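The values are calculated or read from the model by the stated rules, or taken from the named source; none is laboratory data. Note that the structure is predicted; figures quoted are calculated from it, not measured. As a convention, Cβ positions derive from the backbone with ideal geometry for all residues, glycine included, and neighbour counts pool all protein chains shown. When the accessible area is computed, the model is the full protein with side chains, heavy atoms only, and any ligands, DNA or RNA have been set aside. Shrake-Rupley method; radii C 1.70, N 1.55, O 1.52, S 1.80 Å.
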Amino acid sequence: MGRLLIFEGIDGSGKSTQIQMLSDFLKSKNQKVLVTREPGGSKFGENCRKLFLNEKLDGLTEAFLAFASRNEHILQKIKPALKVGYWVLCDRFSDSTIAYQGYGRGVDIDFLQKVASEMEKQLSDIKIIYIHTNLEICLQRIRKREVKDEKFDNASRIFYERIMNGYSKIAIKRGDSFVQVDGNHKTDEVFSNILQKVPELAQFKCDD
Ligand code: TYD
């Protein structure tokens, strides 16, 4: 059985860089790796992603799109990959829906949590790696990004503050399955912190 590692954090937190670094690292240790993302991950999910990012939608509609995308992602990609021993590195999952649509856009959090838990029952074990990066740094990175047409990149500071606050509440609820990593350092330092802190990766940490 493989392992599912989910990366979470606000836009510009450095998540995607760390996912790529971990993927390269695991491959260098002869591990099978699937890098995937949400919304997206399956053909259906990628179609949901286009709607999700390009249409102006109500928060509840966004949540339903994210959930629809996630369920097919679990069934079509994640479970089959885990079954044959892959490390599945997933860019965002349930906690993004709770943080962004719940804490960010005001959709009922208990409702979102219920649907998210129902969906997670299909997975035996998940680990969330939350990259916690200072809001100022994230905002600077968001402003520098070339592609500016994705709607969340223009969202206000207050919106991101609500999301960050949401993640800290989620952290308490999730307990040990939620590993927080300080994202305010150089990428190499953040990466070695991930190796130190994530128990699933302990087997690789000393043999460099
Ligand atoms: P993406 O370009 O993947 O952002 P990033 O690289 O920063 O993760 O765009 C995904 C956006 O969708 C991001 O702003 C977070 C948002 N999102 C939600 O609002 N709810 C969700 O359930 C998910 C999975 C993502």
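The rows are residues; the columns are (1) in a helix (DSSP H, G or I); (2) within 9 Å of the ligand (Cβ to nearest atom); (3) out of contact with any Phe, Trp or Tyr (no Cβ under 7 Å at 6 or more places or on another chain).
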| position | (1), (2), (3) |
| --- | --- |
| Val107 | no, no, yes |
| Asp110 | yes, no, yes |
| Glu118 | yes, no, yes |
| Ser124 | no, no, yes |
| Tyr130 | no, no, no |
Next on the checklist: If I filter region 2-15 down to residues being open to solvent by 10 Å² or more (accessible area, probe 1.4 Å) and touching a helix residue (DSSP H, G or I) at 6+ places or on another chain (Cβ under 6 Å), which single residue comes out as nearest to the ligand (Cβ to nearest atom)?
Outcome noted: Asp11
Checklist entry - more than 15 Å from the ligand (Cβ to nearest atom) and of a type in the set (D, E, K, R): does that describe Lys29? => result yes
Checklist entry - In this structure, is Ser42 farther than 22 Å from Val198 by Cβ, of a type in the set (S, T, N, Q) and in contact with a Lys or Arg (Cβ under 6 Å, 6 or more places away or on another chain)? => result yes
Next on the checklist: Pull out all pairs, ordered by first then second residue, where Cβ-Cβ is under 9 Å, the residues are six or more apart or on different chains, the first lies in region 94-109 and is open to solvent by 10 Å² or more (accessible area, probe 1.4 Å), and the second is of a type in the set (S, T, N, Q) and more than 8 Å from the ligand (Cβ to nearest atom).
Outcome noted: Tyr103/Asn165
Checklist entry - In the list Phe191, Phe159, Phe152, which residue meets the criterion of being modelled with pLDDT of 95 or more and of a type outside the set (Val, Ile, Thr)? => result Phe191
Checklist outcome for this item: Residue pairs qualifying under the 8 Å Cβ cut-off, at least six apart or on distinct chains, with the first in region 50-70 being free of Cβ contacts under 8 Å to residues at least 40 places away in the same chain and the second being among the charged types (D, E, K, R) and within 11 Å of the ligand (Cβ to nearest atom), are Phe52/Glu62; Ala66/Glu38; Ser69/Glu38; Ser69/Arg49
Checklist outcome for this item: Here the residues within region 22-35 that are surrounded by 16 or more Cβ atoms within 10 Å (Cβ to Cβ) and assigned to a helix (DSSP H, G or I) are Leu22, Ser23, Phe25, Leu26
Item to check | Filter result (of a type in the set (A, V, I, L, M) and assigned to a helix (DSSP H, G or I)) within region 87-105 | outcome: Ile98, Ala99
Item to check | Complete set of residues in region 36-86 that are open to solvent by 10 Å² or more (accessible area, probe 1.4 Å), more than 12 Å from the ligand (Cβ to nearest atom) and either hydroxyl-bearing (Ser, Thr, Tyr) or assigned to a strand (DSSP E or B) (or both) | outcome: Tyr86
Item to check | Checklist (1) within 12 Å of the ligand (Cβ to nearest atom); (2) more than 27 Å from Phe204 (Cα to Cα); (3) in contact (Cβ under 8 Å) with a residue 40 or more places away in the chain; (4) not hydroxyl-bearing (Ser, Thr, Tyr) applied to Gln18, failing item | outcome: (2)
